[in-house]
Amino acid sequence: MKNYILPLAFVSGALLLLPFSVIRAEEEDHDSAPPARNFSDQSSKRPSLSPSNQKKEPRWVIIRNGKKTYLETPKFEWNPAAAKEGPVLIKVVLEEQRMYIYKGGALMGTTDISSGRAPYNTRKGTFKISQKNKDHKSNLYGTVVDKSTGREINSDATPRSRVPDGAEYRPSPMPYFQRLTGSGTGFHAGFVIPRSTASHGCIRLPEQMASNLFELTQLGTKVVVVDSLNDPDPPLHVEPKPAAPANPVVSTPAAAPPVAENPAAQPPAPATVPASASASPTLPAAQ
């Protein structure tokens, strides 16, 4: 029997089960299998904001072969009023499965996360956000679904997976994606299991926190991924340069046209176009 993951919601005092498709990512797994590693609760030791700023995502339940397993609700705290003037710093602490957000050195938010499970452990290091895409979709993973019913045929598909007649491949959505590496690692909204690793390398966030961070950051914002909150910042991650071809092809420039000996006989110089008129249209800078 297929596994389903459903959020719980209260409407007029009644408990409802709502269908839900787990958000997946370029570096994420695509099922509700148990996480690879669990961490102890360190909430009493870590920095925190006031209780009034603590929020929760909807609670989740896994229904498998008729048996219900309730999952702990991801928690996050967000208080922009605590921020100070200065740069934004995001710190991901793997041993806590927790993210801390600072501005001007002041803590303004924290959240539960789910990072990469073995052997897809999230890479430690110091990174700079290199891409922001609110509606990003995976180019590595997705699902194969029946076009007429929407039923998932393969929930762990790739673009190379077999697609039967009457079905289609759909790339996995990665809302509020912010890239850290060229290989696809980043953070975005996704299915978070508190204190548990669960992905193929990306850092999953509760959707509201993913949205908050998307509005807060900009390209170049510093993100530090460490084991412990007190660890020193690792060296800045530098993307490797593409290897040079073994036998590069060197093109020979065409010979310049001969110049007439008599200046008066040379063709007239081309008209000069003002820079403002010749500039190509440009996209607005990422916000």
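Derivation of every value follows stated rules applied to the coordinates shown; laboratory data play no part. Quick caveat, the model's predicted, so the values are computed rather than measured.
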Q | Estimated D of the range 160-203 in µm² per second, where Rh is the Kirkwood radius over Cα pairs and Stokes-Einstein applies at 37 °C, 0.692 mPa s | A | 257
Q: Compute the normalised compactness of the range 130-214: alpha-carbon radius of gyration over 2.2 N^0.38 Å, N being the residue count.
A: 1.19
Q) Once the piece of chain linking GLU95 and SER148 is laid out straight, how much longer is it, given 0.36 nm per residue of separation minus the C-alpha distance between them? A) 14.7 nm
Q: Above 26 angstrom, tally the Cα pairs of the range 83-195 and express them as a % of all pairs, no decimals.
A: 32
